[in-house]
Amino acid sequence: MIDALDECGGLRHDSSGKDDHKGLLRTLNRWTHIDHLKRFKLVITSRHDEFIQRMFPKSTSIHIDIPSGSNVKPGDPTSHDIYIFLKSRLKSMGEGDAWIKGALDRLVPRAADIFIWATTVADFLEVDPRVRLGILESKKRGDNTEGLDELYSVYLTVVEAAFGQICEEAIQGIVSVMGAMIFAKQPLSDDVLLMLRGVQIGDSNILQLFRKGLISVLDSGPVLYFHHRSFEDFLLSHY
């Protein structure tokens with residue numbers, strides 16, 4: 001099974017990444033043409049991608065559409081899973097039942113069956129649930145069919161809440177770290193990141209601020225990296 005094939009094969013924001021991605025697709029496509037491999041099932045998940053669809057046409061594969069965004073219908077099984085997940089996370093924050101019910105009524109429909117939206121929001125609310133729920137509700141809702149506007153809106157809220165009040169010098173450091181994380185070909189240690197422009201400010205550095213502010217989209221390990229490629233796509237988009 002290959003999850004999120006549209007995000008596999010290296011970064012596609014540069015020429016080498018595009019070549020890696022196309023090479024991976026061609027390799028997987030051979031699966032349908034080699035007799036002894038046809039005994040196995042290859043299960044692939046992906047966002048809508050015309051190039052992937054051409055590589056795996058309906059004549060050689062079975063396509064199953066999983067609705068998201070405005071295509072989600074009431075009672076969809078994924079929505080129920082997201083409801084259970086968010087309910088558990090909100091309860092762990094120590095809020096009362098009435099507040100949790102109201103929050104779920106507003107959050108679950110906005111998730112649009114995109115689980116990364118739900119996990120990001122849950123992590124974002126950990127800091128101050130009531131205040132941050134108000135921040136989320138004050139933002140314009142996305143309405144595109146794939147739910148990316150809604151997801152990107154949450155990412156924008158996360159970034160604004162983390163760095164909206166910092167000085168220009170610190171912003172330069174934040175941008176340097178983000179750029180290095182996106183385009184580096186290997187994980188970068190703090191020692192390497194501290195050599196970037198604007199990261200070291202006097203006797204302090206912005207890495208602690210970076211980790212604290214972006215806790216909802218960062219892996220919690222000692223080496224910084226974003227836990228989902230969609231956040232990188234957001235940073236490189238014109239959203």
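The values are calculated or read from the model by the stated rules, or taken from the named source; none is laboratory data. Predicted model, so just to flag it, every value in this text is computed and none were measured. Positions of Cβ are generated from backbone atoms using ideal geometry, with glycine treated the same way; all protein chains shown enter the neighbour counts.
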(request) Starting from region 201-224, keep only residues that are assigned by TED's automatic domain parsing to the domain that holds residue 179 and on the phi > 0 side of the Ramachandran plot, then list their pairs with residues that are surrounded by 14 or more Cβ atoms within 10 Å (Cβ to Cβ) and at pLDDT below 90 whose Cβ atoms are within a distance under 6 Å, requiring at least 6 positions of separation or different chains. (result) none
(request) Residues that are closer than 19 Å to residue 230 by Cα and either more than 17 Å from the chain's Cα centre (by Cα) or at pLDDT below 95 (or both): find the helices (runs of 4 or more DSSP H) completely inside region 82-162 holding 3 or more of those. (result) 115-125
(request) Find all pairs meeting these conditions: Cβ atoms under 8 angstrom apart; at least six residues apart or on different chains; first residue within region 17-42 and within 20 Å of residue 1 (Cβ to Cβ); second residue part of a helix (DSSP H, G or I) and of a type in the set (Val, Ile, Thr). (result) 25/52; 38/32
(request) Spot the failing condition for residue 22; the list is (1) at pLDDT below 85; (2) assigned by TED's automatic domain parsing to the domain that holds residue 114, and only one is missed. (result) (2)
(message) Take the residues in region 165-199 that are outside any helix (DSSP H, G or I) and touching a residue at least 24 places away in the same chain (Cβ under 8 Å); name whichever of them is nearest to the chain's Cα centre (by Cα).
(response) 187
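Could you look through region 210-235, keep only residues that are in contact with a helix residue (DSSP H, G or I) (Cβ under 7 Å, 6 or more places away or on another chain) and assigned to a helix (DSSP H, G or I), and pick out the one that is surrounded by the most Cβ atoms within 10 Å (Cβ to Cβ)? Can you show your working first?
The first filter runs over region 210-235 and keeps only residues in contact with a helix residue (DSSP H, G or I) (Cβ under 7 Å, 6 or more places away or on another chain), leaving 210, 213-218, 224-226, 228-232, 234-235.
Next, from what is left, pick out any that are assigned to a helix (DSSP H, G or I): 210, 213, 229-232, 234-235.
Details: 210: 22, 213: 20, 229: 16, 230: 22, 231: 25, 232: 19, 234: 21, 235: 18.
That would be 231.
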(request) Output the number of residues of region 192-209 satisfying the condition of being surrounded by fewer than 14 Cβ atoms within 10 Å (Cβ to Cβ) and of a type in the set (S, T, N, Q). (result) 2
